[in-house]
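What follows is a set of notes on a single structure, which appears directly below.
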Amino acid sequence: MKMTSNSSTAQHADTGMHAPQGLQTLQPMQTMQSQGSQEVTEQLTPLSEWHDNYEVMEMFHISARTLQTLRSNGKLPFAKMGGRCYYKERDLQRLMDESYRDSRMKGGSLWR
């Protein structure tokens with residue numbers, strides 16, 4: 001669709017109709033939408049990287065109550081679906097990294 005423009009309107013060559021300047025045609029909008037959905041898809045966590053309560057309790061050898069405390073204190077983000085809680089693998093890894101203490105360290109320096 002070829003457009004010719006004058007000061008405040010754009011004229012579609014094949015229809016002769018005028019559209020306000022800055023109005024986008026359908027094709028660029030569809031392109032923007034498909035690019036947006038690709039970005040969202042790239043940001044989604046694959047299902048294989050989600051773990052339910054039972055997997056996390058077994059993984060960390062903790063009770064259901066301890067897991068509830070981690071959620072309640074905001075230390076472990078979660079998604080709830082169908083009455084079950086699910087956790088991202090990277091959040092579990094972050095929790096472990098934050099809890100890590102090197103037994104050789106005392107007060108921030110190596111024991112000697």
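Every number here is computed from the coordinates shown, using simple stated rules; none is lab data. Remember, it's a predicted structure, so these values are computed and weren't measured experimentally. Because the Cβ atoms are built from the backbone with ideal geometry, glycine has one as well, and the counts that use them run over all protein chains shown.
Points to keep in mind about this one:
- Over segment 52-99, relative contact order from alpha-carbon pairs under 8 Å, at least 6 apart, %: 33 percent
- For segment 52-99, the alpha-carbon radius of gyration amounts to 1.03 times the rule-of-thumb value 2.2 N^0.38 Å expected for a compact globular protein.
- Each label point was placed 7 Å from the Cα along the Cα-to-Cβ direction; for residue 100 and residue 65 their separation is 3.1 nm.
- Backbone HN-Hα couplings from phi across segment 61-73 [Karplus 6.51/-1.76/1.60, Hz, Gly and Pro as x]: 6, 10, 7, 4, 5, 5, 5, 4, 5, 4, 5, 4, 7
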